[in-house]
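Structure record follows, encoded as structure tokens.
The values are calculated or read from the model by the stated rules, or taken from the named source; none is laboratory data. For clarity, every value in this text was computed on a predicted model and none was experimentally measured. All Cβ positions, glycine included, derive from the backbone under ideal geometry; neighbour counts span all protein chains shown.
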Amino acid sequence: MGDINLTDRDDVGVPISMDVKNSLATYGVGIAVLDTALVRDDVVSGRTVRVLPDWSLSPVQVHAITETRVFPAGVRVVYRVFEGAPE
């Protein structure tokens with residue numbers, strides 16, 4: 001069987017969903033950077049294990065640009081998610 005080489009780097013142009021990354025990591029294909037809130041049940045059950053507990057992603061700035069000064073409902077939901085994200 002050949003090697004499996006999956007990536008979500010910008011230069012490839014093929015995004016891999018969080019669910020697929022979680023499934024691949026759960027089945028031992030590799031490691032993945034996952035949102036702890038989305039994989040909490042898998043971590044609690046032991047299906048997913050944090051392998052680099054002292055490592056985390058560097059913070060990034062996120063900007064929301066809309067056509068009007070009123071944020072659409074979807075933008076407000078995303079804003080609330082980021083607002084509650086740890087720094």
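Here is how the numbers come out for the structure above:
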| read-out | value |
| --- | --- |
| Selection count, region 17-32, where residues are out of contact with any helix residue (DSSP H, G or I) (no Cβ under 7 Å at 6 or more places or on another chain), in a loop (DSSP other than H, G, I, E, B) and more than 21 Å from Val81 (Cα to Cα) | 3 |
| For Leu57: the one exception among (1) assigned to a loop (DSSP other than H, G, I, E, B); (2) surrounded by 10 or more Cβ atoms within 10 Å (Cβ to Cβ); (3) under 14 Å from the mean Cα position of the chain (by Cα) | (2) |
| Residue check for Thr7: under 15 Å from the mean Cα position of the chain (by Cα), hydroxyl-bearing (Ser, Thr, Tyr) and at pLDDT 75 or above | no |
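One line per residue, one yes/no per condition, for (1) charged (D, E, K, R); (2) modelled with pLDDT of 80 or more; (3) closer than 25 Å to Val81 by Cβ; (4) assigned to a loop (DSSP other than H, G, I, E, B):
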{"residue": "Val12", "(1), (2), (3), (4)": "no, no, no, yes"}
{"residue": "Leu34", "(1), (2), (3), (4)": "no, yes, yes, yes"}
{"residue": "Asp41", "(1), (2), (3), (4)": "yes, yes, yes, no"}
{"residue": "Thr48", "(1), (2), (3), (4)": "no, yes, yes, yes"}
